[in-house]
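Novice: Structure incoming, see below.
The values are calculated or read from the model by the stated rules, or taken from the named source; none is laboratory data. Every value quoted in this text rests on a predicted model; they were computed, and no experiment measured them. Note that we place each Cβ from the backbone using ideal geometry, even for glycine, and neighbour counts take in every protein chain shown. The protein model used for the area step is the full one, side chains on, heavy atoms only, and it has no ligands, DNA or RNA in it. Shrake-Rupley method; radii C 1.70, N 1.55, O 1.52, S 1.80 Å.
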Amino acid sequence: MSGTVRHDLPEADDFTRPYWDAAAQGRLLLRRCGACGRAHHYPREFCPHCWAGEDRVVWEEASGRATLYTWSVIHRNDLPPFGTRVPYTAAVVDLAEGPRMMTEVVDCAAADLRVGMPLTVTFREAADGVWVAVFRPGPRARQRS
């Protein structure tokens, strides 16, 4: 797939580097505000709830537990490399710490998916050294797949 544009890879920068480094180690990070106490995801330098600045918002390791909020089974996607992975389950999960996260559910037949089902984070290597958080039916210990 050399030379093909990948639409599934993050654009890591200095700010998000801790998130991607943790994912490569099998850990999911969130941001938590010291002013209002709320966690958020996707990572932002400020708090999206109370607008506290970057001096009040810190990285925190998440438990890896979530519940399924909604999903869609994707049967066709022409963007590389998704076409080779269909069908796959795109999902939105509610993390135990509060934030809602877009992700993918793995290791679960579509017929077995249920709103509110417990999920556990695991990590998939999307490219050499680039790991992304996905979720599988839980509760199980976190692992890299």
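Novice: Confirm whether A91 is buried (at least 17 other Cβ atoms within 10 Å of the Cβ), closer than 14 Å to V134 by Cβ and either in contact (Cβ under 8 Å) with a residue 40 or more places away in the chain or of a type in the set (S, T, N, Q) (or both).
Specialist: Details: buried (at least 17 other Cβ atoms within 10 Å of the Cβ): yes; closer than 14 Å to V134 by Cβ: yes; either in contact (Cβ under 8 Å) with a residue 40 or more places away in the chain or of a type in the set (S, T, N, Q) (or both): yes.
Yes; evaluated as a whole, the condition is true for this residue.
Novice: Next question. Taking the range 101-145 as the search range and keeping residues that are in a strand (DSSP E or B) and acidic (D, E), which one is modelled with the highest pLDDT? Can you show your working first?
Specialist: Taking the range 101-145 first, the residues in a strand (DSSP E or B) are 101-105, 118-127, 130-137, 143-144.
Within this subset, residues satisfying the condition of being acidic (D, E) are 104, 125.
On the way: E104: 97, E125: 94.
Once the filter is applied, the top-ranked residue is E104.
Novice: Go through (1) touching a Lys or Arg at 6+ places or on another chain (Cβ under 8 Å); (2) loosely packed, with under 12 Cβ neighbours inside 10 Å and name the single condition H49 misses.
Specialist: Tallying (1) touching a Lys or Arg at 6+ places or on another chain (Cβ under 8 Å); (2) loosely packed, with under 12 Cβ neighbours inside 10 Å, H49 fails exactly one: (2).
Here's the yes/no breakdown for (1) out of contact with any Asp or Glu (no Cβ under 9 Å at 6 or more places or on another chain); (2) over 17 Å from F123 (Cα atoms); (3) assigned to a strand (DSSP E or B); (4) among the aromatic types (F, W, Y):
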position	(1), (2), (3), (4)
P18	yes, no, no, no
A22	no, no, no, no
G26	yes, no, no, no
G37	yes, yes, no, no
P43	yes, yes, no, no
F46	no, yes, no, yes
H49	yes, yes, no, no
A52	yes, yes, no, no
A66	no, no, yes, no
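Novice: One residue is enough: does the range 84-93 have a residue meeting the conditions farther than 16 Å from Y19 by Cα, among the polar types (S, T, N, Q) and more than 12 Å from the chain's Cα centre (by Cα)? Full working, then the answer.
Specialist: So the first thing to find is which residues in the range 84-93 are farther than 16 Å from Y19 by Cα, and the list is 84-93.
With among the polar types (S, T, N, Q) added as a condition, the list becomes 84, 89.
Now restrict to residues that are more than 12 Å from the chain's Cα centre (by Cα): 84, 89.
So far as the range 84-93 goes, yes, one or more of its residues are farther than 16 Å from Y19 by Cα, among the polar types (S, T, N, Q) and more than 12 Å from the chain's Cα centre (by Cα).
Novice: Can you pull out the residues in the range 15-35 that are exposed (fewer than 13 other Cβ atoms within 10 Å of the Cβ) and hydrophobic (A, V, I, L, M, F, W, C)?
Specialist: Narrowing the range 15-35 to residues exposed (fewer than 13 other Cβ atoms within 10 Å of the Cβ): 15, 17, 25, 34.
F15 - this is the single residue of the range 15-35 that is exposed (fewer than 13 other Cβ atoms within 10 Å of the Cβ) and hydrophobic (A, V, I, L, M, F, W, C).
Novice: Tell me, please, whether a residue that is among the small types (G, A, S) and farther than 24 Å from R136 by Cβ can be found in the range 11-24. Spell out the reasoning first.
Specialist: Our first condition is that a residue be among the small types (G, A, S); within the range 11-24, this holds for 12, 22-24.
Still in the list and also farther than 24 Å from R136 by Cβ: 12.
Checked the range 11-24: at least one residue is among the small types (G, A, S) and farther than 24 Å from R136 by Cβ.
Novice: Kindly indicate whether any position in the range 108-119 is open to solvent by 40 Å² or more (accessible area, probe 1.4 Å) and closer than 27 Å to T4 by Cα. Let's see the steps before the verdict.
Specialist: Quick first cut of the range 108-119, residues open to solvent by 40 Å² or more (accessible area, probe 1.4 Å) only: 109-112, 114-116, 118.
So of that shortlist, the ones also closer than 27 Å to T4 by Cα come out as none.
No, because not a single residue in the range 108-119 is open to solvent by 40 Å² or more (accessible area, probe 1.4 Å) and closer than 27 Å to T4 by Cα.
Novice: Can you tell me which condition L29 does not meet? The list is (1) in contact with a Gly (Cβ under 8 Å, 6 or more places away or on another chain); (2) within 16 Å of V132 (Cα to Cα), and all the others hold.
Specialist: It fails just one condition, (1).
Novice: Shifting gears a bit: For the condition open to solvent by 80 Å² or more (accessible area, probe 1.4 Å) and acidic (D, E), what is the one hit in E125, E97, E104? Even if it seems obvious, please write down each step before you answer.
Specialist: Values: E97 fails: open to solvent by 80 Å² or more (accessible area, probe 1.4 Å); E104 fails: open to solvent by 80 Å² or more (accessible area, probe 1.4 Å).
From the options E125, E97, E104, the qualifying one is E125.
Novice: Taking the range 59-88 as the region of interest, how many residues are over 27 Å from F46 (Cβ atoms) and open to solvent by 70 Å² or more (accessible area, probe 1.4 Å)?
Specialist: Residues meeting the conditions: 7.
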